[in-house]
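The structure under discussion appears below in the form of structure tokens.
The values are calculated or read from the model by the stated rules, or taken from the named source; none is laboratory data. No experiment lies behind these values; they were computed from the predicted model shown. All Cβ positions, glycine included, derive from the backbone under ideal geometry; neighbour counts span all protein chains shown.
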């Protein structure tokens, strides 16, 4: 939308901001007015729809830097008393307040007379910026079309303005952010949640959001078309849901896999053992710990993780050798005997050589 409507409408007044307002101030004013005058919140007001549309129309123009610049230029001409005249007879406004004067002033040139440089806009010619006149303004000239779109709608015919009047495609509505908190079980198995959305004035609506199995903490899920409505009849925005997963005392999710740390004794790590480990579904699984297993090694229980669209994950069991805080009596004597018997072994042998030899 451009042209004659812009001469008649004060979008700054509609949003209640000065012409010098910043983009942030314009956005803030729009959001406040849109909440206040939303038709759903003003069912008893027969003019609610028109008010809401006027607010959206003003914001669509002033939030677009290019459209705002064009709007300011046209409004500046309106305040200067520019008039559109059809003729160019002396004394009737030719060269003083006619159509060419308006266009000439807009694009930085005089309208002729008194030494001024005349700007000509033809309706034929080989296309944008390619025809006659100072700017070659053929009927497809983007400057002419953008600034005066819709003023000549219906002229039709060869060399006419049948292409003017097309409106900008309606914009998409704003996205709405939301947060949900899931238990570990919900995150692992997936869930269908009812997400409440505040719409102002104490009104809320509920949106169903499906959370896939294996979702990670901090993940963002998009529910298409469940955001704010478009003010110009375009597509609604989306609901963007940020997921927080409550920590579990034992398990953690790693995509479709589930991780768990399990302590083992020193003898179990040395001699090996059969280990019983809990599973996320409340069951148990037995794993073989090979003799000589070091602390930090991870064993895998196939198919005991999360069931997702990509497949079923595994249970990853990381072994941690538990060190007793006190060793007394026979256990201490046995441990000392072991230490004496292995005194020649140094698990850190070669460590410093590797550091010094690092290029």
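Does segment 305-315 contain at least one residue that is in a strand (DSSP E or B), in contact with a strand residue (DSSP E or B) (Cβ under 6 Å, 6 or more places away or on another chain), crowded, with 19+ Cβ neighbours inside 10 Å and modelled with pLDDT of 95 or more?
Pass one, segment 305-315, residues in a strand (DSSP E or B): 307-308, 311-312, 315.
Applying the additional criterion that residues be in contact with a strand residue (DSSP E or B) (Cβ under 6 Å, 6 or more places away or on another chain) yields 315.
Cutting the leftovers down to crowded, with 19+ Cβ neighbours inside 10 Å gives us 315.
Checking the rest, the ones that are also modelled with pLDDT of 95 or more come to 315.
Within segment 305-315 (the criterion being in a strand (DSSP E or B), in contact with a strand residue (DSSP E or B) (Cβ under 6 Å, 6 or more places away or on another chain), crowded, with 19+ Cβ neighbours inside 10 Å and modelled with pLDDT of 95 or more), the answer is yes, since at least one residue qualifies.
Of all residues in segment 25-69, those satisfying the criterion of being part of a helix (DSSP H, G or I), more than 19 Å from residue 199 (Cβ to Cβ) and out of contact with any helix residue (DSSP H, G or I) (no Cβ under 6 Å at 6 or more places or on another chain) are 25, 50, 57, 60, 65, 66, 69.
Scan segment 175-194 for residues that are farther than 23 Å from residue 248 by Cβ and in contact (Cβ under 8 Å) with a residue 40 or more places away in the chain and the total you get is 4.
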